[in-house]
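The block underneath contains the structure these notes are about, expressed in structure tokens.
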Amino acid sequence: MNWDRIEGNWKQLKGKVKEQWGDLTDDEIDVIAGKRDQLVGRIQEQYGISRDEAEDQVDAFGTGVRDEDFR
């Protein structure tokens, strides 16, 4: 999925983000506001993983987003 589309529809995807990364708070998810680099950084920090691993997780998340997730 195109990340610009994810960013533009962030509010509809917040539940899916919370499901994927349950340790992120609602406030953190709001602040991230769909910005990929901020999401990668928060995941890296919150879960104590490498930036590459966090980027892999975010890429997998983006690949898993479908049109029906925006409804």
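Can you find even one residue in the range 15-24 that is among the basic types (Lys, Arg) and either part of a loop (DSSP other than H, G, I, E, B) or loosely packed, with under 11 Cβ neighbours inside 10 Å (or both)?
For the range 15-24, residues among the basic types (Lys, Arg) and either part of a loop (DSSP other than H, G, I, E, B) or loosely packed, with under 11 Cβ neighbours inside 10 Å (or both): absent.
State yes or no: is residue 51 among the basic types (Lys, Arg) and without any contact (Cβ under 8 Å) to a residue 40 or more places away in the chain?
In short, yes.
Taking the range 3-14 as the region of interest, how many residues are surrounded by 14 or more Cβ atoms within 10 Å (Cβ to Cβ) and either in a helix (DSSP H, G or I) or in contact with a Cys (Cβ under 8 Å, 6 or more places away or on another chain) (or both)?
Looking only at the range 3-14, we keep the residues that are surrounded by 14 or more Cβ atoms within 10 Å (Cβ to Cβ), and these are 3, 5-7, 9-10, 13-14.
From the residues that got through so far, the ones that are either in a helix (DSSP H, G or I) or in contact with a Cys (Cβ under 8 Å, 6 or more places away or on another chain) (or both) too are 3, 5-7, 10, 13-14.
Selection size over the range 3-14: 7.
If you take the residues in the range 42-53 that are assigned to a helix (DSSP H, G or I) and over 9 Å from the mean Cα position of the chain (by Cα), which one is surrounded by the most Cβ atoms within 10 Å (Cβ to Cβ)?
That would be 42.
What are the residues in the range 25-41 that are part of a helix (DSSP H, G or I) and out of contact with any Asp or Glu (no Cβ under 6 Å at 6 or more places or on another chain), if any? Before you say what the answer is, go through the steps one by one.
Quick first cut of the range 25-41, residues part of a helix (DSSP H, G or I) only: 26-32, 36-41.
If the condition is that a residue be part of a helix (DSSP H, G or I) and out of contact with any Asp or Glu (no Cβ under 6 Å at 6 or more places or on another chain), then 26, 27, 28, 29, 30, 31, 32, 36, 37, 38, 39, 41 are the ones that fit.
I'm trying to understand the selection: among the residues of the range 26-44, which are charged (D, E, K, R), within 17 Å of residue 59 (Cα to Cα) and without any contact (Cβ under 8 Å) to a residue 12 or more places away in the chain?
Step one: of the range 26-44, the residues charged (D, E, K, R) are 26-28, 30, 35-37, 42.
So of that shortlist, the ones also within 17 Å of residue 59 (Cα to Cα) come out as 35-37, 42.
Across the range 26-44, the qualifying residue is only 37.
Find all pairs meeting these conditions: Cβ atoms under 9 angstrom apart; at least six residues apart or on different chains; first residue within the range 1-25 and free of Cβ contacts under 8 Å to residues at least 40 places away in the same chain and within 19 Å of residue 44 (Cβ to Cβ); second residue in a helix (DSSP H, G or I) and of a type in the set (Ser, Thr, Tyr).
21/47; 23/47
Quick note: the coordinates plus some simple rules give every number you see, no bench work behind them. Here the structure is a predicted model, which means the values were calculated and not measured. Don't worry about glycine lacking a Cβ; one is built from the backbone with ideal geometry, like all the others, and counts go over all protein chains shown.
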